[in-house]
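What follows is calculated from the coordinates using simple rules that are stated; it is not laboratory data. Since this is a predicted model, take the numbers as computed values, not measurements. Virtual Cβ from ideal backbone geometry, glycine too; neighbours counted across all protein chains shown.
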Amino acid sequence: MSTQTFTYTGKFELEAGRSLQGIEIGYTTYGTLNKNRDNVVWVCHALTANSDVFEWWKGLFGHQDHFNPDDYFIICANVLGSPYGTTSPLSNNPATGQPYFLAFPEFTIRDIVKGHQLLANHLGIDHIEILLGGSLGGQQALEWSILEPERIKNLILIATNASHSPWGIAFNESQRLAISADRTFFAGSADGGSKGLKAARSIALLSYRNYKTYGITQQEDGDDIPGTFKAASYQNYQGEKLVNRFNAYSYWYLSKAMDSHNVGRGRHGVDKALSLIKARTLVIGIKSDVLFPVEEQQYLFRHIPKSAFAELDSFYGHDGFLIETEDLTKVITSFLKTDVKGKIIELQKIA
Ligand SMILES: CC(=O)SCCNC(=O)CCNC(=O)[C@H](O)C(C)(C)COP(=O)(O)OP(=O)(O)OC[C@H]1O[C@@H](n2cnc3c(N)ncnc32)[C@H](O)[C@@H]1OP(=O)(O)O
Ligand SMILES: N[C@@H](CCO)C(=O)O
């Protein structure tokens, strides 16, 4: 495993018109590029993860897992705006010598992908054997496969969509309302907006899980009225857990990037954009996902030319894409070893 930083010194033009004077991209690789240069697995991470895919996607990525460094050259780059090694609102603004905070320019999923493209060029990777991601990671993978259809051979999209839904945008806006209600967000310090971020994560959790998840994990035991309900304590705990490893500014900008996601923008619509994909594609949905409902993945399946579809059952809802690694391994292995174009891969039928 090797974690490094790539520095791009050119002007980084953003889709909305503003630019950054160069960017740094933190990335992690595992394994080595083989002689045929055909073993690259590129992972696009979701909202609050980082480039260390062996840390947050264990069971699918690891020395004993399907995606292992003996078989593959695995790359994961920290996304633009996220605080784990890539230029973000906490980076220094060269114009002021101070962190950007809210002076950071807004960016889109396409801008994030532009960063990945620069890194791939820098690493001399012109062929990606497998590109994959879930949620915001899937949005990047989808964008990339439309921007550069020839570069990507296999595409795996999990719990994601073609354009972010009004429902998803409403969740993100509610989280931003929570952050901006914390006046420290406007004070310009690295921990600004922490209380707001805690509330935002608590709201987000409701969309990452569902009624049943809470009913099973946070059910009270006895008849007494508890001082603190388990579900309440869980919301507080999860909010604090994120505050301890993230910041409100990155969260704010990344949630806006997610809202911007629309592969059809400037391409004569979503259907036309999806028809441009050349990669063999596996689309995976999670039955209990209330944030990116399965209809969104079925839509991708119907409109991406060479695609297969699988539906997973998870007790966790949307976050199931990070947790159900055994089932993910089964459907991905099945997809990679057979010609499953236009097929529905049924988990119970996989030997
Ligand atoms: C290893 C790492 O640090 S990975 C960190 C990087 N994170 C990422 O990359 C983002 C992607 N990952 C995630 O979003 C999450 O980690 C997930 C979805 C994969 C898993 O979520 P988790 O929070 O671990 O799972 P879950 O919802 O079951 O919550 C378990 C935690 O809540 C705590 N908890 C459960 N019920 C309660 C309660 N009633 N009150 C207080 N705490 C509670 C548990 O003790 C446990 O704490 P821990 O995380 O300190 O071990
Ligand atoms: N739980 C994920 C977000 C859901 O896609 C994360 O924190 O990155």
Practice item. Would you kindly state how much longer the chain becomes between LYS272 and LYS212 on full extension, computed as 0.36 nm times their sequence separation minus their alpha carbon distance, in nm to one decimal? Key: 17.9 nm
Check your understanding: Residue separation times 0.36 nm, minus the C-alpha to C-alpha distance between LYS153 and GLU240: what's the value?
Key -> 27.3 nm
Check your understanding: Which value in deg cm²/dmol, rounded to the nearest 500, describes the helix-derived mean residue ellipticity at 222 nm for the chain, given -39,500 (n - 2.57) per DSSP H run of n ≥ 4 and division by the residue count?
Key -> -11000 deg cm²/dmol
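Taking every pair of distinct Cα atoms and averaging 1/r, then inverting, what Kirkwood hydrodynamic radius in Å comes out for the range 192-254? Spell out each step's value before the answer.
Values: mean 1/r = 0.0785 Å⁻¹.
For the range 192-254, inverting the mean 1/r across all distinct Cα pairs yields 12.7 Å.
What FRET efficiency would be calculated for the residue pair ALA103, PHE315, taking the C-beta separation as r and a Förster radius of 45 Å, to the nearest 0.05?
It comes to 0.60.
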Practice item. Measure off 7 Å from each Cα along the Cα-to-Cβ vector at ASN121 and GLU220, then give the distance between these two points in nanometres to one decimal. Key: 6.0
Exercise for review: Please report, to two decimal places, log10 I(q)/I(0) for the chain at q = 0.07, 0.08, 0.09, 0.10 Å⁻¹ as given by the Debye formula with identical point scatterers on the Cα atoms and no solvent.
Suggested key: -0.29, -0.38, -0.48, -0.60
Check your understanding: Quick one: Cα centre-to-centre distance for the range 212-279 and the range 80-142, in angstrom?
Key -> 20
**Study point:** Spatially proximal aspartates and glutamates relative to LYS195 (Cα-Cα < 19 Å; intrachain offsets below 8 disregarded)
**Key:** GLU173, ASP182, GLU240
**Study point:** Two-site label geometry, ASN34 and MET1: point separation in nm, points 7 Å out along Cα→Cβ
**Key:** 2.4
Check your understanding: For labels at ASP65 and GLU13 in the simple 7 Å Cα→Cβ model, what's the distance in nm?
Key -> 3.8
